[in-house]
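Notes to accompany the following structure.
The values are calculated or read from the model by the stated rules, or taken from the named source; none is laboratory data. Quick caveat: nothing in here was measured; it's all calculated off a predicted structure. Cβ placement follows ideal geometry from the backbone for every residue including glycine, while neighbour counts extend to all protein chains displayed.
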Amino acid sequence: MENKVKVIEVMEKFANELKKYHPNFETTKYVQETLLELKKSEGVAFTGKLQYFFNRVLVVKLSDGIKFNESEKRYWKELSSFVELGNNLWGASL
């Protein structure tokens, strides 16, 4: 459960930075929508949604053509450190 809380905290900070500097971009919308879904998910559903997010977010970002500023990069790097958690074995520990 501790990992879920940490993922949510980091994603909230990342989403807030995106809203501040890139409010009308698809990437911002996608991060916010995923954050809401993750908050409602538990166990394998959480890890599945997290994995899907990591698989799709860079494609959305690329299509937007945005460049992250320094604070967005910092939160993205921290969030990306959870990519290994997006497997179903981790969900069993939630």
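General remarks:
- I66 fulfils the conditions (1) of a type outside the set (K, R); (2) in a helix (DSSP H, G or I); (3) in contact with a His (Cβ under 7 Å, 6 or more places away or on another chain) except for a single criterion, (2).
- Count of region 64-74 residues which are modelled with pLDDT under 95 and either within 20 Å of V5 (Cα to Cα) or loosely packed, with under 13 Cβ neighbours inside 10 Å (or both): 2
- In region 5-52, residue surrounded by the most Cβ atoms within 10 Å (Cβ to Cβ) [restricted to those that are out of contact with any Leu (no Cβ under 6 Å at 6 or more places or on another chain) and in contact (Cβ under 8 Å) with a residue 60 or more places away in the chain]: V7
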